[in-house]
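Just below is one structure, and these are the notes that go with it.
The values are calculated or read from the model by the stated rules, or taken from the named source; none is laboratory data. In this text, all values refer to a predicted model and were calculated from it rather than measured experimentally. Here Cβ is always computed from backbone atoms with ideal geometry, including for glycine, and neighbour counts include all displayed protein chains.
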Amino acid sequence: MLILLLLCSSADAEDGAQAGDYRKVTGPCALRFPRDHADHPDFRTEWWYYTGHLQAADGENFGFQLTFFRYRIAPPAERDRWPAPPSAWRCDQVYLAHAAITDVTAGRHLIAERSARAAVDLAGTTFAADGVSIAVNDWTVHIGPSLHRLEADGGEFAFQLELAPLKPVTAHGLDGCSRKGDAPSQASCYYSFTRLATRGNLQVGKRRLTVSGQAWMDHEFSTAPLAKDLVGWDWFSLQLDDGRELMVYGMRRPDGTWHPASSGTLVMPDGAIRHLACDEIDLVVTRHWRSPRSEAVYPAGWILTVAGESLEIHTLLDDQEMRTGATTGITYWEGAVKITGRGDKSLKGLGYVELTGYAGAFDAPI
């Protein structure tokens, strides 16, 4: 959901002079669609984030992730100092992408990554009458009036998926403004499609499968989202079988406690939204997993209590670590999970969890 935040230092978040004239989020976002599905190039960072669960006809289960990041490498005013005529290769935006497949049945996690400058049609965002398209090389996302289309080929795996929203857009926080710290500018504009019916084709190795399932989409943009005293965050996107969805975003301090700006959103079956403050959320880690590659120790089981209701969350595969040395240089955990109600065992669900700051500091360079 938020991994490109790591590329924006907390010093920039608090120092307006360093941040230059990047736009900042300081209040309600007043999101308007379809325009806000597209890029917001005057903000420093932006991402379009898809995760979901797929099932093949033979019963095999898979999780998938596809994320596109946009990162502005210089403030907008720098364009005024470019030489004329500018080179076709000159640009002030870089696009990155991560993709992954969790092959639950086989017990393996496959990852791939891409990066390109937003020049000579290598990468970028376009807004047209038929929708919004984001591309990094030959990986693409298209957000149309009624369907989202995803396509990525990671070598060991590939997928082409169509996703149909089953609920309207959910704006998090205050009219889409999601706080990330104490200062007014420590915020992002953040919305989600919390349930998308998904179908398409999946290739894993030499196998080609027709798959269907459900997915979640996040879109977020900001310039200065993080407070200085944070070491990472735990993010949950959960889809319950009773028709509800839950997003929880906890920003961790060094002692493991959450910053008060941490929050969540509960989406009811009819699409009604309830904002959740930090003091309405309780998270208890029940087990851990150590990566044999990074040596990072990640939570791997949780009891999440929201407004008095408790959910047990378990990984579908412990090893879902993302190692992105060719793009962000960051190692994080992004994985498929299953859910059961702690008091009501008939309540079940599926989701995704993102864990950052367990494998290293936030100051990774682009």
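Does any residue of the stretch 359-366 turn out to be among the β-branched types (V, I, T) and either buried (at least 19 other Cβ atoms within 10 Å of the Cβ) or at pLDDT 95 or above (or both)? Walk me through it before giving the result.
The first filter runs over the stretch 359-366 and keeps only residues among the β-branched types (V, I, T), leaving 366.
Pick out the ones that are also either buried (at least 19 other Cβ atoms within 10 Å of the Cβ) or at pLDDT 95 or above (or both) and you get none.
Looking through the stretch 359-366, none of the residues is among the β-branched types (V, I, T) and either buried (at least 19 other Cβ atoms within 10 Å of the Cβ) or at pLDDT 95 or above (or both).
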Exercise for review: Kindly provide the set of residues from the stretch 70-90 that are surrounded by 12 or more Cβ atoms within 10 Å (Cβ to Cβ), of a type in the set (F, W, Y) and free of Cβ contacts under 8 Å to residues at least 60 places away in the same chain, ordered by number.
Suggested key: W82
Review point. Among the numbered criteria (1) part of a loop (DSSP other than H, G, I, E, B); (2) at positive phi, which single criterion is violated by A183?
Key: (2)
Study note, to complete from the structure: By residue number, the members of the stretch 262-287 that are surrounded by 20 or more Cβ atoms within 10 Å (Cβ to Cβ) and in contact (Cβ under 8 Å) with a residue 40 or more places away in the chain are S263, G264, T265, L266, V267
Practice item. Look through the stretch 133-158, keep the residues that are over 18 Å from the mean Cα position of the chain (by Cα) and in a strand (DSSP E or B), and return whichever of them is nearest to F221 (Cα to Cα). Key: D153
Check your understanding: What's the number of the condition R253 fails, among (1) exposed (fewer than 15 other Cβ atoms within 10 Å of the Cβ); (2) basic (K, R); (3) within 19 Å of V306 (Cα to Cα)?
Key -> (3)
Exercise for review: Among the residues of the stretch 177-213, write down those that are within 20 Å of the chain's Cα centre (by Cα), farther than 14 Å from V267 by Cα and surrounded by 19 or more Cβ atoms within 10 Å (Cβ to Cβ).
Suggested key: C177, S178, R179, K180, G181, Q186, A187, S188, C189, Y190, T198, G213
Review point. Considering the stretch 214-238 alone, what residues qualify as being buried (at least 16 other Cβ atoms within 10 Å of the Cβ) and acidic (D, E)?
Key: D218, E220, D234
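Can you name every residue in the stretch 224-248 that is out of contact with any helix residue (DSSP H, G or I) (no Cβ under 6 Å at 6 or more places or on another chain) and either modelled with pLDDT under 95 or over 26 Å from A300 (Cβ atoms) (or both)?
Of the residues in the stretch 224-248, the ones out of contact with any helix residue (DSSP H, G or I) (no Cβ under 6 Å at 6 or more places or on another chain) are 227, 229-248.
Passing the criteria: A227, D229, L230, V231, G232, W233, G243.
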**Study point:** Every residue from the stretch 270-326 that is small (G, A, S) and farther than 13 Å from L246 by Cβ
**Key:** G271, A272, A277, S291, S294, A296, A300, G301, G308, G325, A326
Practice item. Among the numbered conditions (1) out of contact with any helix residue (DSSP H, G or I) (no Cβ under 7 Å at 6 or more places or on another chain); (2) at pLDDT below 95; (3) not hydroxyl-bearing (S, T, Y), tell me where V104 comes up short. Key: (2)
Review point. Can you name the condition, by its number, that G329 falls short on among (1) in contact with a Pro (Cβ under 9 Å, 6 or more places away or on another chain); (2) at pLDDT 95 or above?
Key: (2)
Review point. Going through the stretch 302-321 one residue at a time, which ones are touching a His at 6+ places or on another chain (Cβ under 9 Å) and either modelled with pLDDT under 95 or within 12 Å of L238 (Cβ to Cβ) (or both)?
Key: W302
Exercise for review: With the condition kept exactly as written, say whether any residue in the stretch 326-333 is touching a Phe, Trp or Tyr at 6+ places or on another chain (Cβ under 7 Å) and in contact (Cβ under 8 Å) with a residue 60 or more places away in the chain.
Suggested key: no
Review point. Yes or no: S346 among the small types (G, A, S) and not in a strand (DSSP E or B)?
Key: yes
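Identify the residue in the stretch 23-46 that is outside any loop (DSSP other than H, G, I, E, B) and modelled with pLDDT of 95 or more and, among all such residues, is farthest from the chain's Cα centre (by Cα).
Per the stated criteria, the residue is R35.
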Revision key, fill the gap. For the stretch 123-147 the number of residues that are surrounded by 20 or more Cβ atoms within 10 Å (Cβ to Cβ) and within 18 Å of A100 (Cβ to Cβ) is 4
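For the stretch 223-237, state whether one or more residues are closer than 24 Å to E321 by Cβ and polar (S, T, N, Q).
yes
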Review point. What are the residues in the stretch 100-122 that are closer than 30 Å to G59 by Cβ, in contact (Cβ under 8 Å) with a residue 60 or more places away in the chain, crowded, with 19+ Cβ neighbours inside 10 Å and of a type in the set (G, A, S), if any?
Key: A100
Practice item. May I ask you to list pairs of residues, at least six apart or on different chains, whose Cβ atoms are under 8 Å apart, with the first in the stretch 34-52 being surrounded by 22 or more Cβ atoms within 10 Å (Cβ to Cβ) and the second being modelled with pLDDT of 95 or more and assigned to a loop (DSSP other than H, G, I, E, B)? Key: E46/D39; E46/H40
Check your understanding: Quick one: Y190 ticks every box in (1) within 22 Å of Y49 (Cβ to Cβ); (2) at pLDDT below 95 bar one, so which box is it?
Key -> (2)
